[in-house]
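First the structure, in the form of structure tokens, and then the observations on it.
The values are calculated or read from the model by the stated rules, or taken from the named source; none is laboratory data. Nothing here was measured: the structure is a model prediction, and the numbers come from that model. In this analysis, Cβ positions are derived from the backbone assuming ideal geometry, glycine residues included, and neighbour counts consider all displayed protein chains.
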């Protein structure tokens, strides 16, 4: 529920704001930003320290098409920008074909900068 409410809040932000920070069309091109914002919220609100995960995605010929970022917490995938991949906007699950397909994983625990 918190992930869906957070995404709804991001969708409610005025488009002009996103333009100022170089995001043309939320969530497209903003998965990393969305994951970091949600990670900060989850940590501050619920004490949850999720992992930031980013993977590359390749076509059938092995050519890199794109990358995608989301959060994981104890095996739970939390993705609030998956609609850029023709999936539901918010995915919270332990198993996802979309997320399993990626390669070249970058993963680290997200920590809020105390400054």
Original post:
If residue 52 passes every condition in (1) in a loop (DSSP other than H, G, I, E, B); (2) in contact (Cβ under 8 Å) with a residue 24 or more places away in the chain; (3) farther than 23 Å from residue 15 by Cβ but one, which one does it miss?
Top reply: (1)
**OP:** Output the residues belonging to the range 1-29 that are assigned to a loop (DSSP other than H, G, I, E, B) and either more than 20 Å from residue 73 (Cα to Cα) or modelled with pLDDT of 85 or more (or both).
**Re:** 13, 14, 21, 22, 23, 24, 26, 27, 29
Subject >> Residue in the range 51-62 that is surrounded by the most Cβ atoms within 10 Å (Cβ to Cβ), counting only those that are over 13 Å from residue 34 (Cα atoms) and in contact with a helix residue (DSSP H, G or I) (Cβ under 8 Å, 6 or more places away or on another chain) >> reply: 55
Subject >> Single residue of the range 63-115 satisfying the filter (touching a helix residue (DSSP H, G or I) at 6+ places or on another chain (Cβ under 9 Å), assigned to a strand (DSSP E or B) and more than 15 Å from residue 52 (Cβ to Cβ)) that is modelled with the lowest pLDDT >> reply: 66
**OP:** Would you check which residues across the range 69-91 are in contact with a strand residue (DSSP E or B) (Cβ under 6 Å, 6 or more places away or on another chain) and within 18 Å of residue 109 (Cα to Cα) and list them?
**Re:** 69, 70, 71, 72, 77, 78, 79
